[in-house]
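Trainee: The structure's right below; bear with me while I get my questions together.
Just so it is clear, none of the values below were taken in a lab; they were calculated from the coordinates. Source: prediction; values computed, not measured. A quick note on method: Cβ atoms are made from the backbone with ideal geometry, for glycine too, and the neighbour counts reach across all protein chains shown.
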Amino acid sequence: MSLAKHYRFQVRNETGATVATSDFEVIRKKIAAGAWSYEASAAEILGSGGDTITDGSYGDGTAQNNDSDGYIGLDGRFYVTISSGSPSGNVSLIYLVSEDGTDWPDDGNGYVMGSLEFIATGTQELGVSF
């Protein structure tokens, strides 16, 4: 799998509690002059779409236009905080692709990049690389 021309990430909350915050900090990469080339600094690509996600809901990250950069992969950390309630279940990170940057798949119809299982409040993180 590689990064598409138009993509974004989505967060699915199935914990029975509200996600207070979620962030996905990434450094994107491509091959330039026969070697890996990385972004100069990490980017947080969920934006406000990762904040306050109620149980059974989705939060949509910021749409990314990869047309000029041509990144093919990323290395990142997905962070999720649930600060109240009695969570019991998963928060998943989903990769969505759009052909034009405006029409997106229905909620959940993307590639699940990983899930975090919550059995108590707190913050968890997941490494993602592709």
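Trainee: Expressed as a rounded percentage, what relative contact order does the chain have, with Cα pairs under 8 Å and six or more residues apart?
Mentor: Numbers: 349 pairs, mean separation 44.5, N = 130.
For the chain, the relative contact order is 34 percent.
Trainee: In the neighborhood of Gly49, defined by Cβ-to-Cβ distances under 15 Å, what is the net charge if each Lys or Arg adds +1 and each Asp or Glu adds -1?
Mentor: -4
Trainee: When the chain is modelled as a GNM with alpha-carbon springs shorter than 10 Å, which of Thr81, Thr102, Thr21 fluctuates the most?
Mentor: With Cα springs under 10 Å in the chain, the top fluctuation among Thr81, Thr102, Thr21 is at Thr102.
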